[in-house]
1. Quickly estimate the mean residue ellipticity at 222 nm for the chain, helices only: each DSSP H run with n ≥ 4 gives -39500 (n - 2.57), and the total goes over all residues, rounded to 500.
2. Hey, what did the chain get for relative contact order, percent, Cα under 8 Å, at least 6 apart?
3. Tell me whether the chain comes out rounded, prolate or oblate; compute the Cα gyration tensor, take square roots of the eigenvalues as a ≥ b ≥ c, and use a/c under 1.5 as the rounded threshold.
4. Provide the per residue accessible area, probe 1.4 Å, for the chain, rounded to a whole number of square angstrom.
5. Rg to Rh for the range 1-139: what is it, with Cα atoms only and Rh by Kirkwood?
6. Using only the heavy atoms of the protein chains and a 1.4 Å probe, how would M220, M1, M14, M290 rank by accessible area, largest first?
7. Using a 1.4 Å probe on the protein chains only, how many percent of the accessible area of the range 1-73 belongs to carbon and sulfur?
8. Under 17 Å between alpha carbons, and skipping anything fewer than 8 positions from K208 in its own chain: which aspartates and glutamates qualify?
Amino acid sequence: MNLKTSIANNHFEMPFLNASGIICQTQEELDSLEATKELGGIVTKSATLQPREGNEQPRYYDLANGSINSMGLPNLGYPFYLDYVQHDHSKPTILSVAGMNADDAIELMRKVQDSDYEGLTELNLSCPNVIGHPQTAYDFEATEKILTTVCSFFKKPFGVKLPPYFDLAHFDGIAKVLNKFPLTHVNTINSVGNGLVVDVDKEQVVTKAKGGFGGLGGAMVLPTALANVRALRLRLNDDIAIIGTGGVTTGVDVFAHILCGADMVSVGTQVIKEGLGVYARLQKELEEIMADKGYESLDDFRGKVKEL
Ligand SMILES: C=Cc1c(C(=O)O)[nH]c(=O)[nH]c1=O
């Protein structure tokens with residue numbers, strides 16, 4: 001069974017990634033990803049110009065059908081992650097960066113351009129939990145402006161992390177902008193922003209920042225994630241790969257993401273619930289489904305979801 005895949009000239013033995021933010025903030029966490037042989041690549045926590053503590057606790061809450069988080073971009077600062085990805089690794093890395101504003105985002109990309117890092121970079125335009133800051137990629141004009149400036153100097157492979165869209169006109173709008181730029185990939189979706197979970201027994205919300213509003217992940221967002229993967233696959237230039245993120249709990253979900261067009265699939269909430277052993281289960285379940293259907297490689301079914 002061949003599970004190999006690629007993004008631009010980056011080749012992955014396995015189609016599985018960790019969702020940025022999940023077990024990828026510290027050296028120890030990143031080393032545990034390196035040691036997980038079923039993981040095709042390592043995605044770093046989104047790095048900011050300055051280290052950040054993040055939002056007050058509680059900032060993560062587990063639900064039967066997913067999770068809500070309001071982490072607030074806690075990270076060690078971009079120098080740590082930029083140094084980490086320049087060391088030798090057994091698998092490709094994706095350096096995630098997130099500006100607190102457009103100028104920060106551009107400055108971060110300049111830092112990467114000026115480094116010797118030649119792997120993939122992912123510009124996160126969709127963090128929903130930074131108090132007082134909107135999710136950039138909901139503003140198509142601002143997104144185009146940032147990417148125009150970045151592409152005027154950034155000559156290395158990079159993609160963008162997108163929020164979920166919920167309107168066909170919005171899929172059209174963001175694809176029209178992204179198709180203007182030489183992106184290696186888009187990663188869709190980030191968490192579904194500004195959900196609210198209420199503990200009825202205590203009659204209160206479950207996370208502290210922003211009055212309890214936070215990003216939703218896990219099983220409950222799978223239909224939204226699949227819609228975004230499918231909609232963007234149908235609209236983006238063929239040379240822009242898609243990392244499908246959101247709602248993956250089983251090999252069936254991985255198969256569905258790829259069937260909708262994903263080149264790789266990243267897992268977030270389920271890693272928190274189950275640990276890094278989840279990847280061995282997902283690989284086994286995906287291979288069983290492929291064998292049942294007579295598929296030898298991901299290319300045999302990628303993007304071939306049928307309409308009625
Ligand atoms: C980078 C910040 C993000 C965070 C966070 O650090 O709060 N949570 C998410 O669900 N998505 C993000 O992109």
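The values are calculated or read from the model by the stated rules, or taken from the named source; none is laboratory data. Values in this document were obtained by computation on a predicted structure and should not be read as measured data. Ligands, DNA and RNA are stripped out before the accessible areas are found, and what is left, the full protein with its side chains, is counted by its heavy atoms. Shrake-Rupley method; radii C 1.70, N 1.55, O 1.52, S 1.80 Å.
1. Helices in the chain give a 222 nm mean residue ellipticity of -9500 deg cm²/dmol.
2. The value is 19 percent.
3. Rounded is the answer for the chain, as its axis ratio a/c remains below 1.5.
4. Accessible surface, normalised per residue, equals 43 Å².
5. For the range 1-139, the value is 0.97.
6. Ranking M220, M1, M14, M290 by accessible area, largest first, yields M1, M220, M14, M290.
7. For the range 1-73, the apolar C and S fraction of the accessible surface comes to 47 percent.
8. E53, E56, D62, D199
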